[in-house]
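Worksheet: the structure to be examined is printed underneath.
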Amino acid sequence: MNQYEGWYGQRTPAEIHQVTFGTTWDKPLLMSEFGADALHGHRGPRESRWTEEHQVWLYEETLKAIAASGAFAGVIPWLLKDFRSPRRWHGRFQRGWNRKGLIDEIGRRKLAFERLAHWYQSR
């Protein structure tokens, strides 16, 4: 399942708890994509998009919803490292890069990297 609750569309991370993940089949799910863009070093209130704090908040709320569902066998965030993407046009934050990575294009870890690492270690 790919789901960008709290990033694309009208929902915010605060509203992710309203989402119910599941399936009608008796099979485990794999969350293969979720996340939010953040520019490494851009810090601010968690409610401000593009900040590392916003990315962490979205991860925290999505992981809570995944855990609450009981339907998932695994989680794969999108994505590990920022990569070039000419369709990403935002002049201040993207500049031709997909910024959903847990690590920026030169290998610096974002706050969400540590949050996800902690989540995996607690399993």
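Residues in the stretch 52-66: is at least one in contact with a Pro (Cβ under 7 Å, 6 or more places away or on another chain) and either at pLDDT below 95 or hydroxyl-bearing (Ser, Thr, Tyr) (or both)? Spell out the reasoning first.
Quick first cut of the stretch 52-66, residues in contact with a Pro (Cβ under 7 Å, 6 or more places away or on another chain) only: 53, 57-58, 61.
Now narrow it down to the ones that are either at pLDDT below 95 or hydroxyl-bearing (Ser, Thr, Tyr) (or both): none.
Scanning the stretch 52-66 turns up no residue that is in contact with a Pro (Cβ under 7 Å, 6 or more places away or on another chain) and either at pLDDT below 95 or hydroxyl-bearing (Ser, Thr, Tyr) (or both).
Restricting Gly44, Gly35, Gly107 to residues that are modelled with pLDDT of 90 or more, surrounded by fewer than 12 Cβ atoms within 10 Å (Cβ to Cβ) and assigned to a loop (DSSP other than H, G, I, E, B) narrows the list to Gly107. For the stretch 18-29, check the following and say yes or no: at least one residue is outside any loop (DSSP other than H, G, I, E, B), over 27 Å from Ser122 (Cα atoms) and in contact with a Ser or Thr (Cβ under 7 Å, 6 or more places away or on another chain). No, because not a single residue in the stretch 18-29 is outside any loop (DSSP other than H, G, I, E, B), over 27 Å from Ser122 (Cα atoms) and in contact with a Ser or Thr (Cβ under 7 Å, 6 or more places away or on another chain). The set of residues from the stretch 1-17 being within 17 Å of Gly74 (Cβ to Cβ) and not in a loop (DSSP other than H, G, I, E, B) comprises just one member, Asn2. Here is the figure for the stretch 1-29: residues that are touching a residue at least 40 places away in the same chain (Cβ under 8 Å) and open to solvent by 80 Å² or more (accessible area, probe 1.4 Å) total 4. When the stretch 47-64 is limited to residues that are among the aromatic types (Phe, Trp, Tyr) and either out of contact with any Phe, Trp or Tyr (no Cβ under 9 Å at 6 or more places or on another chain) or open to solvent by 10 Å² or more (accessible area, probe 1.4 Å) (or both), the one that is nearest to Gly91 (Cα to Cα) turns out to be Trp50.
Just one of the numbered conditions (1) touching a residue at least 12 places away in the same chain (Cβ under 8 Å); (2) touching a helix residue (DSSP H, G or I) at 6+ places or on another chain (Cβ under 9 Å) is not true of Arg108: (2). Selection within the stretch 65-101: residues that are in a strand (DSSP E or B) and either of a type in the set (S, T, N, Q) or in contact (Cβ under 8 Å) with a residue 24 or more places away in the chain (or both). The member of this set that is surrounded by the fewest Cβ atoms within 10 Å (Cβ to Cβ) is Ala73.
The values are calculated or read from the model by the stated rules, or taken from the named source; none is laboratory data. Everything numeric here is computed off the predicted structure, so don't read it as measured data. Heads up, the Cβs are rebuilt from the backbone with ideal geometry, glycines too, and the neighbour counts pull from every protein chain shown. Quick note on the areas: whole protein, heavy atoms, side chains included, nothing else; ligands and nucleic acids left out. Shrake-Rupley method; radii C 1.70, N 1.55, O 1.52, S 1.80 Å.
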